[in-house]
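Values in this text are rule-based calculations from the coordinates and carry no lab data. Since the structure is predicted, the reported quantities are computational estimates derived from the model, not experimental observations. All Cβ positions, glycine included, derive from the backbone under ideal geometry; neighbour counts span all protein chains shown.
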């Protein structure tokens, strides 16, 4: 979607939101006054209520704008958009109630009208935004609002971006041309290829280019300036995406230092208030969860004691944030004599060299003979990991984060342990909701590095909901 189309789409959203707000207010009034026949707190005639609603709606739209509901970075991300709708609706209804109190003017004929308006507004706005999202996606199929992109670069990032934008119906981008070495062209790309950016820039108008994405800076600064000037001269969008992911992952801040723009790159966005909010969230949920799960824990402990005498819990030595060692608490699922040594060593002592080699390769085995019958049930249902909620309460780990790794796995992370442990480990994470045991160790590390570099509070919420679904299905548990 071009910049002009983005503004048009945002303006259309404002108009449709205003209409939906009016419908929600009217529906709330009708439900309480016409369907619910209980006495009203005060008589408010329909025309007076409607007049008040028409005055309130522009202020409500302004609140939506302030929380970012008309910005592409919001309406292009469903979960973020829903959360901001909830915030905007809540602030809006508080504004109405506050105005009613300060002005001493009766807006709502009954308290339930405000509750109906709150709930109805949220539901209808979410529904309306989903309809608008569908309409926008359908418009992409007919070339409406699509960015026609020229990608300039010579790195793997150039090819990755071209592949990611290839599905125009989903991305809203059409990769028209790629300027760079032929080896970077994706096999499935139908874009025109130019060996030099200068050759591509000469055909900007003929190709209808509306956006340029550059992934590498050339050694000659004049060459970079030529690309930027071409975008400015043709009044099209220009974006620079560093090929090195470290420059645009994590939390970045832009400041001015000695007259030059300075980009400060943090390992993770989970710093400052983000870490404080996350810890409060972890503490409250783990405290509530521990109280609720206590009777269930006692039953599991009793069954373990009866089926395989020995300790009910197993404490595994793991590494968490800043590679600090922690004792990860789990229900014991293996025989009481196992677990004190590295798994490969125990398999060799059992005479199972095949399992030792399988474990050294994948850090897991398909059929672990050390696991008890009840232990298999605990692992398949993920119940064995529930005691980790005590680690969360203590502050050793978080509810969501990278999986705590074993000390011997550090060497397998190939120097990425520092970045992986820039955030606190978690009970669940992207690995668990993206395949769990089906994923290789390398895939698991890549997912968890992505989490560390791209953390948001809403990503945590999304992972928690997905975890419940994955556990209920039993997908990937071993």
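Listed peptides 383-393, 121-131, 357-367 appear in the order 383-393, 121-131, 357-367 once ranked by packing, highest mean of other Cβ atoms within 10 Å at the front.
Could you please rank 403, 318, placing first whichever residue has the fewest other Cβ atoms within 10 Å of its Cβ? Provide the component values of the computation, followed by the final result.
Numbers: 403 23, 318 20.
Final ranking by Cβ density, sparse to dense: 318, 403.
This ranking places 101, 451, 140, 218 by how few other beta-carbon atoms lie within 10 Å of each, fewest first, which gives 101, 218, 140, 451.
Cβ crowding within 10 Å, taken as a proxy for footprinting-reagent exposure, orders 334, 350 from fewest neighbours to most as 350, 334.
Spin-label model, residue 279 to residue 443: label points 7 Å out along the Cα-to-beta-carbon direction sit 3.6 nm apart.
Reported value for region 142-235: 89 Å³ per residue, from the convex hull of its C-alpha atoms. At a Förster distance of 51 Å, what's the computed FRET efficiency of residue 220 paired with residue 132, Cβ-Cβ distance as r, to 0.05? It comes out at approximately 0.70. Shown here is the pair-distance distribution of region 107-151: with all Cα-Cα distances grouped in 5 Å bins from zero up to the longest one, the shares run 5, 18, 13, 13, 11, 10, 9, 7, 6, 4, 2, 1 percent.
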